[in-house]
């Protein structure tokens with residue numbers, strides 16, 4: 001046998017051994033949970049698992065269980081199923097608002113640290129109970145599973161980016177708090193993204209509404225894109241318009257003087273104005289200048305108001321503490337948030353560029 005054939009035979013043998021050691025499971029013989037939700041009850045926790053039942057044409061099916069500890073809930077699922085319940089392909093983990101307000105550290109230390117769980121797992125909070133949200137999906141097509149909704153809007157840039165990796169980084173990191181999408185059932189009984197939940201340590205502390213969520217995404221500076229509603233006026237009349245951001249950049253400058261930090265958010269935003277009143281003539285240079293001034297003032301006011309709200313609620317999802325820490329030789333997290341965070345000065349500097357306003361209207 002030639003040397004090349006011996007090498008090929010050895011490679012095939014190694015692959016066979018590795019395949020034999022794999023975590024084997026035939027799809028038809030297991031239930032692959034895609035979404036897992038939790039509520040708090042008298043017994044401890046109530047868990048709801050969602051999976052696509054391919055024997056039933058891929059319709060969403062639920063499993064429910066109660067137990068004192070999170071891992072025991074997973075065991076209870078198996079006791080209700082003729083097929084082994086697996087969570088290795090879990091795409092979303094969510095909690096009811098009431099549970100999130102009490103704390104989710106037990107989940108962050110168990111399910112979220114399972115080496116089989118993907119770092120791209122979506123985490124979220126539901127205004128309703130996990131059971132109610134899950135029940136609204138029973139019998140629907142698998143495309144209706146809520147992680148599709150969240151991932152779609154993250155790709156489009158309409159909501160901030162968040163996944164298990166960012167949550168754990170912010171939770172275990174110094175000088176920062178984590179945030180996740182906030183869901184609710186609308187009047188039609190469909191799931192929608194209602195805002196963003198901000199945590200302090202492991203407890204839900206603040207929920208941002210949709211408008212605040214957009215400005216929060218801008219302050220994060222990770223993906224500057226989206227539509228900003230604003231008001232235009234010619235001194236006699238007022239109307240509504242939309243500034244559609246096509247692309248932009250953001251960077252921060254930090255002056256971390258002892259006991260008094262100054263942080264400036266600098267924005268370069270490129271976009272176009274849509275759906276403005278007919279009487280607001282953007283072909284007139286004076287109207288253009290007025291629109292830019294009004295738009296800039298309103299964006300600055302909204303961003304400043306949100307920063308103040310975060311300070312008042314004593315939450316730091318933007319990592320301001322970490323920014324200051326990186327520029328000081330000595331820094332105490334406890335001392336910073338107790339005495340200094342509420343006094344940090346923020347500046348907003350905007351450079352707006354508007355092009356092709358009203359095109360396509």
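Before moving on, here are some points about what is shown:
- Matching entry among 172, 196 (being in contact with a strand residue (DSSP E or B) (Cβ under 8 Å, 6 or more places away or on another chain) and either within 30 Å of residue 331 (Cα to Cα) or loosely packed, with under 14 Cβ neighbours inside 10 Å (or both)): 196
- Every test in (1) in contact with a strand residue (DSSP E or B) (Cβ under 9 Å, 6 or more places away or on another chain); (2) at negative phi; (3) not in a helix (DSSP H, G or I) is passed by residue 139 save one, and that test is (2).
- Counting the residues of segment 265-291 that are more than 13 Å from residue 239 (Cβ to Cβ) and surrounded by 15 or more Cβ atoms within 10 Å (Cβ to Cβ) gives 9.
- Filtered residue count, segment 214-236, keeping only those that are more than 17 Å from residue 155 (Cα to Cα), within 18 Å of the chain's Cα centre (by Cα) and surrounded by fewer than 18 Cβ atoms within 10 Å (Cβ to Cβ): 0
- Which listed residue is out of contact with any strand residue (DSSP E or B) (no Cβ under 8 Å at 6 or more places or on another chain), closer than 21 Å to residue 158 by Cα and not in a strand (DSSP E or B), from 330, 305: 305
- Number of residues in segment 92-119 that are within 20 Å of residue 129 (Cβ to Cβ) and in contact with a strand residue (DSSP E or B) (Cβ under 8 Å, 6 or more places away or on another chain): the value is 15.
- Hey, residue 71 exposed (fewer than 14 other Cβ atoms within 10 Å of the Cβ) and either outside any loop (DSSP other than H, G, I, E, B) or assigned by TED's automatic domain parsing to the domain that holds residue 147 (or both) or not: yes
- Hits in segment 35-68 - residues which are outside any helix (DSSP H, G or I), touching a residue at least 12 places away in the same chain (Cβ under 8 Å) and more than 21 Å from residue 133 (Cα to Cα): 68
- Failed criterion for residue 316 (all others in (1) outside any helix (DSSP H, G or I); (2) surrounded by 16 or more Cβ atoms within 10 Å (Cβ to Cβ); (3) touching a strand residue (DSSP E or B) at 6+ places or on another chain (Cβ under 8 Å) hold): (3)
- Among (1) modelled with pLDDT under 90; (2) more than 16 Å from residue 352 (Cβ to Cβ), the one test that residue 219 misses: (1)
The values are calculated or read from the model by the stated rules, or taken from the named source; none is laboratory data. Note that the structure is predicted; figures quoted are calculated from it, not measured. No Cβ is skipped: glycine too gets one built from the backbone with ideal geometry, and neighbour counts run over all protein chains shown.
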